[in-house]
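The block underneath contains the structure these notes are about, expressed in structure tokens.
The values are calculated or read from the model by the stated rules, or taken from the named source; none is laboratory data. Model, not experiment: these values are computed from the prediction. Heads up, the Cβs are rebuilt from the backbone with ideal geometry, glycines too, and the neighbour counts pull from every protein chain shown.
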Amino acid sequence: MSRIVFWIAAVLSLFVAVLSGTLAGSVPVGAEDLAALLGGESGDPVAATILREVRLPRVARAALVGGMLSVAGAVFQVLLRNPLADPYVLGVSGGAAVGAIAVVLAGAGSGWTMAGGSLAGALFTVAVVFLLAGARRGAGGDRLLLTGVVLASFWGALVALFLSVSQNERLRSVLFWLMGDLGQTGALAGTAAAFVAGLAGLLVLGRSMDALTYGDRHAMGLGVAVREVRAVLYVAGSLLTAVAVSAAGTIGFVGLIVPHAVRLFGVRSHRELVPASAVAGAAFLVLADTAARTIMSPIELPVGVVTAFLGAPFFLWLLRREKKS
Amino acid sequence: MPEMKSIRAALRRFVRRSSPFFPGRFRHILLLPVSFLVLGVHAHAGTFTDALGRKVDLPDSPRRIVSLAPHLTEILFAIGAGDSVVGVTSFCDYPEAARRVPRIGGFSDPSIELVLAARPDVVIATLVGNRRESVEELIRLGLPVYVSGAEAIGEIPREVRRIGAVAGRAEGAESAARRMEGALAEIARRTAGRRRVAVYYQLWDQPLMTVSDGSFIHDAIRLAGGRNVFAGLSVANPRVSLEAVAAAKPEVMILSGMGKEGAGLASRWSRFAMIPAVAGGRIHIMNSDLLHRPGPRVIEGVEQLSRWIHPDAFSERPGR
């Protein structure tokens with residue numbers, strides 16, 4: 001019964017987030033304008049253009065990216081059996097950023113090539129983490145996590161190197177991109193397709209993910225094809241991260257805190273945790289972006305600043321709470 | 001010869017500071033060859049007051065000038081001091097002859113070592129672009145540093161004259177400054193009494209960034225007869241949302257770019273017909289080098305802006 005209440009609350013919060021994100025901004029837009037646009041009627045043309053060209057694409061982008069980062073966080077937390085794992089901490093976001101920057105520097109910075117570059121960077125990071133930390137010998141999650149943290153720092157240094165030696169004008173955008181930029185204009189169809197594909201694959205693997213949280217041996221005893229499942233999870237986590245990074249830059253804390261927040265409501269099974277993280281992550285990033293756009297309007301804050309201000313205290317509170325109990 | 005002594009002292013201070021990199025006992029041997037290089041020194045000195053309010057003693061007609069900013073390099077070449085320039089930043093690309101001058105590092109972070117090695121009679125620095133720490137380090141090392149500063153475009157001719165005095169090219173500077181003042185007066189005459197047109201200036205497209213009244217470019221828009229729609233924001237180069245631009249209803253939009261990206265910059269706005277500038281087809285691409293450097297060419301930039309903002313003011317023939 002409480003499950004139903006939880007799901008109603010989750011979907012409702014996403015609805016509220018999308019509605020407030022759609023209606024808040026510099027140009028006044030009312031609910032009747034939104035209704036007119038959705039109903040196909042001809043309302044105020046200014047409001048219609050703002051909604052169609054600015055707000056709805058931006059809210060959709062925030063929702064997709066928030067959902068992808070949260071699901072990726074849940075996947076990495078299973079893979080590493082460590083609650084600290086998240087695409088940002090593990091260097092996966094950083095690797096994706098470096099891949100995208102390398103593509104820009106090579107002079108081929110279109111939407112698709114950047115997505116390809118960030119996917120290569122994300123997959124490379126995950127491969128290095130697992131190869132170096134010796135995943136085959138069943139290394140502990142701590143060691144994997146440390147390897148990821150070191151790689152994240154290294155990617156940070158590499159970005160600093162690119163920024164200081166290159167005189168490529170486009171790289172100025174990268175500076176902002178590193179704290180998240182949801183105001184980009186590229187098409188969202190590819191992003192949405194990657195999200196749906198990743199989510200569908202992970203839903204099928206829900207039970208296997210549950211088994212993996214108790215350790216590889218336990219999962220094998222339950223008949224899970226551990227190596228194959230792990231491989232699929234790596235690819236899915238990296239793919240979701242890479243597509244999210246190429247759509248909106250690197251945004252921290254979303255993948256870290258959203259799955260934990262969902263677990264607070266007693267959600268344990270990954271068949272439920274993964275879709276719940278997707279919904280909650282979407283709502284969270286839409287709200288964070290709405291705040292980033294409106295707090296100092298018309299000046300925009302980087303959305304990564306807002307997620308950090310919300311995420312860091314939450315996570316610290318969570319750590320303290322778990323220690324007590 | 002006091003200058004020679006001071007440069008030698010500067011080198012000694014520099015080596016002392018860098019002592020971790022040199023073996024202590026032999027440190028002073030390193031100074032010997034450098035000391036011989038420092039012999040080209042001038043007899044008479046003049047005293048100048050720079051933008052930091054310092055009184056600086058500088059040689060009368062310096063033959064070795066190091067410029068620490070693209071706009072300073074442009075000013076030096078414009079007043080005819082180009083052949084005395086022995087060091088520029090890696091961003092100094094105008095005029096063509098400036099590209100052949102040895103580089104002393106970047107703009108915000110010039111290399112102290114390379115500046116010293118250029119054996120300058122004068123180093124011309126700026127607080128708009130050079131890191132203050134770098135400038136202060138050069139001063140601490142005893143180098144003859146003149147810090148240039150022009151807060152507004154109207155002050156540039158005066159600054160050109162000062163640099164002319166520092167560089168020993170007062171005549172060239174005077175005529176360059178007169179030309180600039182004449183051009184500014186002509187723009188002011190043509191736009192006088194006209195309604196101030198609402199202008200949006202796009203500094204950067206991803207993310208969208210504009211200028212407020214804390215920026216130099218705001219001044220250019222004002223001089224050109226426009227009204228910057230984002231004048232009142234608290235940050236000099238604020239990041240704004242797309243719809244904030246739409247809500248500001250600019251009549252003219254100026255997008256800064258490097259030419260080849262121009263068409264792409266403008267097409268992004270084509271779907272926003274509620275913006276008067278879009279509906280009226282008044283979107284223009286500005287060569288950012290003209291307007292973003294507070295040097296001689298900024299006057300050209302202001303004139304270009306003014307032609308876009310008040311096209312009818314320039315349809316009549318010049319003259320008074």
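Key figures
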| quantity | calculated |
| --- | --- |
| Residue in the stretch A:25-39 that is modelled with pLDDT of 95 or more and either in a helix (DSSP H, G or I) or of a type in the set (Lys, Arg) (or both) present | no |
| Qualifying positions in the stretch B:156-199 - more than 28 Å from B:ALA78 (Cα to Cα) and in contact with a helix residue (DSSP H, G or I) (Cβ under 6 Å, 6 or more places away or on another chain) | B:VAL197, B:VAL199 |
| Yes/no for B:ILE275 being within 14 Å of another protein chain (Cβ to nearest Cβ) and either at pLDDT 90 or above or under 23 Å from the mean Cα position of the chain (by Cα) (or both) | yes |
| Residue among A:ALA115, A:ALA63, A:ALA96 that alone is farther than 19 Å from A:VAL196 by Cα and either assigned to a loop (DSSP other than H, G, I, E, B) or in contact with a helix residue (DSSP H, G or I) (Cβ under 7 Å, 6 or more places away or on another chain) (or both) | A:ALA96 |
| Residue within the stretch B:101-111 that is part of a helix (DSSP H, G or I) and either among the basic types (Lys, Arg) or at pLDDT 90 or above (or both) present | no |
| Unique residue being away from every other protein chain (no Cβ under 14 Å), in contact (Cβ under 8 Å) with a residue 24 or more places away in the chain and under 21 Å from A:THR241 (Cβ atoms) when the list is A:VAL18, A:VAL78 | A:VAL78 |
| Unique match (being more than 30 Å from B:TYR94 (Cα to Cα) and modelled with pLDDT under 95) among B:ARG239, B:ARG317 | B:ARG317 |
| Long-range neighbours under 8 Å by Cβ, at least six apart or interchain, first residue in the same structural domain as B:VAL88 (by TED's automatic domain parsing) within the stretch B:102-116, second charged (D, E, K, R) and assigned to a loop (DSSP other than H, G, I, E, B) | B:SER108/B:ARG131; B:ASP109/B:ARG131 |
| Residue check, B:GLU186 of a type in the set (Asp, Glu) and over 22 Å from the mean Cα position of the chain (by Cα) | yes |
| Helices (runs of 4 or more DSSP H) wholly inside the stretch A:246-325 that include at least 1 residues being out of contact with any strand residue (DSSP E or B) (no Cβ under 9 Å at 6 or more places or on another chain) and within 14 Å of chain B (Cβ to nearest Cβ) | A:270-294, A:303-324 |
| Residue among B:ALA313, B:ALA220 that is touching a Gly at 6+ places or on another chain (Cβ under 8 Å), crowded, with 23+ Cβ neighbours inside 10 Å, away from chain A (no Cβ under 14 Å) and not aromatic (Phe, Trp, Tyr) | B:ALA220 |
| Some residue of the stretch A:261-277 being crowded, with 24+ Cβ neighbours inside 10 Å, small (Gly, Ala, Ser) and touching a residue at least 12 places away in the same chain (Cβ under 8 Å) | yes |
| Scan of the stretch B:278-296 for residues that are within 17 Å of the chain's Cα centre (by Cα), part of a helix (DSSP H, G or I) and within 14 Å of chain A (Cβ to nearest Cβ), ordered by number | B:SER288, B:ASP289, B:HIS292 |
| Unmet criterion (only one of (1) within 14 Å of chain A (Cβ to nearest Cβ); (2) over 21 Å from B:ALA51 (Cα atoms)) for B:ARG189 | (1) |
| Residue check for B:ILE156: part of a helix (DSSP H, G or I) and in the same structural domain as B:LEU114 (by TED's automatic domain parsing) | yes |
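Yes/no matrix, rows are residues, columns are (1) at pLDDT 85 or above; (2) surrounded by fewer than 17 Cβ atoms within 10 Å (Cβ to Cβ):
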| site | (1), (2) |
| --- | --- |
| A:VAL104 | no, no |
| A:ALA108 | no, yes |
| A:GLY111 | no, yes |
| A:MET114 | no, no |
| A:ASP142 | no, yes |
| A:LEU145 | no, no |
| A:ALA157 | yes, yes |
| A:TRP177 | no, no |
| A:LEU182 | yes, no |
